[in-house]
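**Student:** Structure provided below as structure tokens; questions to follow.
The values are calculated or read from the model by the stated rules, or taken from the named source; none is laboratory data. Quick caveat: nothing in here was measured; it's all calculated off a predicted structure. All Cβ positions, even for glycine, are placed from backbone atoms using ideal geometry, and neighbour counts span all protein chains on display. To get the accessible areas, we keep the full protein, side chains included, count just its heavy atoms, and leave off ligands, DNA and RNA. Shrake-Rupley method; radii C 1.70, N 1.55, O 1.52, S 1.80 Å.
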Amino acid sequence: MVDVIVIGAGLAGLVAAHEAATRGRKVLLLDQEGEQSLGGQAFWSLGGLFMVDTPEQRRMGIKDSADLALNDWMGSAGFDRPEDANPRRVAEAYLEFAAGEMRSWLASLGMRWFPVVGWAERGGALADGHGNSVPRFHLTWGTGPGVVAPFERLVRQHVAEGKITFGFRHRVSGLIVENGTCVGVQGDVLSEDSAARGRSTNREVVGSFEHRAAAVIVTSGGIGGNHDQVRQNWPVDRLGQPPQRMVAGVPDYVDGKMQQIAKSAGAGAINEDRMWHYTEGLANWDPIWPNHGIRILPGPSSLWFDALGQRMEAPCLPGFDTLATLKRILSTGHEHSWFILTQKIIKKEFALSGSEQNPDFTSGKWLEVIKSRILNKQATAPVEAFKEHGEDFVVADTLDALVAGMNQITPDAPLDLAAIKAQVEARDVQLDNPFAKDAQVIAIRQARQYRGDKLVRTAKPHRILDPEAGPLIAVRLNILTRKSLGGLHTDEQARVLRPDGSVFDGLFAAGEVAGFGGGGYHGYNALEGTFLGGCIFSGRAAGRAV
């Protein structure tokens, strides 16, 4: 018998297993995938972490504070339900961590960060509303693998010392509950599968297992690979009807089944209608998992049009307010939208989510970043590959040809050339002098006052129809499934609660399956860098509590 069973070998599971083993607990770490998938979804991430008042911020001239971060978080979260008490407490504890020991602790484990701090989710409405007032997105050298690596190394050390045992291809199908206490797990042993990380694996059952322990920690991730579950949880009253077509930001094994198993055993879940799906999704021309989608992380300059050809208003600007933009797009009765931009914009402003789409940052080598981002006259190689091969891209020398190409991609929602031209020209004339009434033009000029944006993320303002800035580019954007913001209800010690609020003895949860802590510590909106940060923070809490 072991002391602790951890279900899920993603980032939260690795952190929890390490912390429990450090405290002298004997740990069994289970995952339905093979060892090649160790680190889970975090491996594929860009590696951004939300941290507050760091040396990286101060070197870039950013004045941040715990109070400002708290104001931004609470304005974004919009906690308004009785069951938000624990999520709010976990959020406050995370902010204390993010403004305190988080950076020094992670640095002591070997993590380092790119010196330019990113400005994600800028809000664009009121000071007490959604958004980051200042840049806080710290890009880890090595991207997602660089975040996973220290904890994988620590866990493997524990394995070598006999403190942790791996159980790969072990799919949990039930929790063992006796006298109201979780005392173990049972499930199926799946056939070995050598499929590469992220690709679909077989579900052939070759055996069964049952293991008992004093504590069970669920760290099984979210539901983004199960689009039926996403639609079932979709908040129609807040966002409109769920899309029938979405691209998948996560592999198909991110199916939410473990959350349902925990609920069937008596666990409570809250805020399951809160979710975080991106509006800038591309169909991957070189997919790894089924229906593989990649997100564009845009700078602020692309013109954003809805499916009907109407330029979207603030705060529905690139990189400002994901949830407001999602609602705005779906209000048209369609599920796609469009960027119109230039080669100058795509070169400087387009980044793609994912470690595999950023080989320069993933390498952790300055020379690779300089060659790819500074010396290169084109966009990065992965972006140029999407421009050439991606089914969502149109490239043309004239606006007439561009709109014609757009209409070939979406013949069911044809765009009117004259209307598009009038809106583009109206925006372009705003650049004739330093004054403007266009919210996006104003935002671009403000962005370039930040050294980081001016250096690497925001193109010099120019007319979209300037031939010298061309060619013109249009990108169809799809809804991309990604994160669950709600989940198993936990307290600050990561203990799972029952529907009546009482503690489910022996059961703990961390990471996305618990809404990244508390059952949804983001509230309604995420500030980016808070997903990996939430996995680390809640995994640490669970491992230290068992």
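**Student:** Given labels modelled 7 Å from the Cα in the Cβ direction, how far is it in nm from GLU96 to ARG498?
**Tutor:** 2.9
**Student:** Okay, moving on. If you average over every viewing direction, what projected area does the convex hull of the Cα atoms of the range 1-99 give, in nm²?
**Tutor:** 9.5
**Student:** When the helices in the chain are scored as -39500 (n - 2.57) per DSSP H run of 4 or longer and the sum is shared across all residues, what 222 nm value do you end up with, to the nearest 500 deg cm²/dmol?
**Tutor:** Details: 18 runs with 169 residues, N = 546.
My calculation for the chain gives -9000 deg cm²/dmol from helical runs alone.
**Student:** What's the carbon and sulfur percent of the range 1-135's accessible surface, probe 1.4 angstrom, rounded to a whole number?
**Tutor:** Carbon and sulfur atoms account for 51 percent of the accessible area of the range 1-135.
**Student:** Also, I was wondering about something else. I want the local charge near VAL183. Using Cβ-Cβ distances under 14 Å, sum +1 for each Lys or Arg and -1 for each Asp or Glu among the other residues.
**Tutor:** -3
**Student:** Mind pulling the angle between the C-alpha long axis of helix 143-160 and the longest principal axis of the chain? Nearest 10 degrees, somewhere in 0 to 90.
**Tutor:** The two axes meet at around 10 degrees.
**Student:** Further question on the same structure: Multiply the residue gap between ASP397 and ASP80 by 0.36 nm, knock off their C-alpha separation, and tell me the result in nm, one decimal place.
**Tutor:** 109.1 nm
**Student:** Ok, one more. If you count the DSSP beta bridges with both ends in the chain, what percent of them are antiparallel, to the nearest 5?
**Tutor:** Close to 70 percent.
**Student:** Which pairs break 32 Å Cα to Cα here: LYS347/LYS421; LYS347/LYS483; LYS327/LYS365?
**Tutor:** From LYS347/LYS421; LYS347/LYS483; LYS327/LYS365, over 32 Å: LYS327/LYS365.
**Student:** Can I ask one more? Could you calculate the FRET efficiency of ALA125 with LEU367 from 1/(1 + (r/R0)^6), where r is the beta carbon distance between them and R0 is 35 Å, rounded to 0.05?
**Tutor:** E(calc), rounded to 0.05, equals 0.30.
**Student:** Sorted by accessible area (1.4 Å probe), largest first, how do PHE508, PHE386 line up?
**Tutor:** PHE508, PHE386
**Student:** Can you tell me the dipole magnitude for the chain around its Cα centre, using point charges on the Cβ only (Lys, Arg +1; Asp, Glu -1), in Debye to the nearest 20?
**Tutor:** On the way: 57 positive and 63 negative charges, 256 e Å.
Charge dipole of the chain: 1220 debye, to the nearest 20.
**Student:** Starting from the Cα gyration tensor of the range 221-307, multiply each eigenvalue by 5, take the square root, and state the resulting semi-axes largest first in whole Å. Don't skip to the answer; put the middle values down first.
**Tutor:** Details: eigenvalues 143, 59, 23 Å².
Result for the range 221-307: semi-axes of 27, 17, 11 Å.
**Student:** Under the definition of Cα pairs under 8 Å and six or more residues apart, what whole-number percent is the relative contact order of the chain?
**Tutor:** Values: 1280 pairs, mean separation 126.7, N = 546.
23 percent.
**Student:** Sticking with this structure for a sec: So what's the net charge close to GLY123: Lys and Arg +1, Asp and Glu -1, counting the other residues with Cβ under 12 Å from its Cβ?
**Tutor:** For residues surrounding GLY123, the net value is -4.
**Student:** For the range 177-325, with every protein chain kept in place, what is the accessible area per residue (1.4 Å probe, Å²)?
**Tutor:** Using a 1.4 Å probe on heavy atoms only, each residue of the range 177-325 averages 36 Å².
**Student:** Here is a further query. Roughly how tilted is helix 530-545, in degrees to the nearest 10 and between 0 and 90, from the longest Cα axis of the chain?
**Tutor:** Once rounded, the angle reads 10 degrees.
**Student:** Among the aspartates and glutamates, select those whose C-alpha is under 19 Å from the C-alpha of LYS257, and discard any that sit fewer than 8 residues away in the same chain.
**Tutor:** Within the straight-line cut-off, LYS257 pairs with ASP31, GLU33, ASP188, GLU204, GLU210, ASP228, GLU272, ASP273, GLU512.
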